[in-house]
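The values are calculated or read from the model by the stated rules, or taken from the named source; none is laboratory data. Quick caveat, the model's predicted, so the values are computed rather than measured. Heads up: the accessible areas ignore ligands, DNA and RNA and are worked out on the full protein's heavy atoms, side chains in. Shrake-Rupley method; radii C 1.70, N 1.55, O 1.52, S 1.80 Å.
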Amino acid sequence: MNEKSENRKALPKFTLSLLGSLLLGGAVGFAVGLLRVFGLDAAALAEGLSAVLTAITPWGIPVTSAVTLGTCFFLYRFAAKKFAAWNGGDEDEISESIDTALSWVLLLSALQLLCNLFFLSAFCIYWMDRDIRALALVGVFLLSCGLVVFAQQKTIDLERKMNPEKQGSVYDSKFQKKWLDSCDESERRQIGEASRRAYMVTNRLCLGLWMVLVVLSMLFETSLLPVFVLLLIWGTMQVTYTLECIRMGRDNKKLLT
């Protein structure tokens, strides 16, 4: 009875969501049809986008690196000064401010790595056959990636100074496993909750990107490759999550027995 009541409560909201999605899809399809009827020049739009990417690619990595890694430097200096003045007591506010600053360093450095990969991809498409500036861009890419790793290494080292029980090095391929093994139960719960949230957001993002790619494929008559890659990533995440749940369930049963 409880299962039926839960289903009945959730069914109206699910039905409305489904109808809303159908209406949105119909409206988007109708808009795409109108654009084609009134002569949308998809080739001109693609050419304009290519021109923009060609212009910004040489400056993408240096500019974004200056912003993100410069911010990382100031955040790390703030955390290092706080730690140097900290006597290791129970001042939760001080330790929390240090942890927050270090977390932002890790986040910004990870985002910069994504920016580097994006602009490197743009370089391969738009600048591979250009002059000596193409080689300079590769050098800037390698330098930026090196600074990203250095920022993460300094952050982890400071975190280990604050928490001597933590283990792992960013240069170790098994860093994440060693770091997780050295976390206490509270930290593991926090990581688990963050992972659950990331899983839910990624599911919704993949669905939204699928809709965007379908619309773009109708406008620009692209191949199914972008959709296939997206669904491959989405499916890999779903399968990995489910298989890991099955494995952990079996391990827990073995421990109980």
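Of note:
- Accessible heavy-atom area order of Glu165, Glu93, highest first, probe of 1.4 Å: Glu93, Glu165
- Accessible area (Å², 1.4 Å probe, nearest 10) - Met200: 60
- Looking at region 64-218, the accessible area is 65 square angstrom per residue; that uses a 1.4 Å probe and ignores ligands, DNA and RNA.
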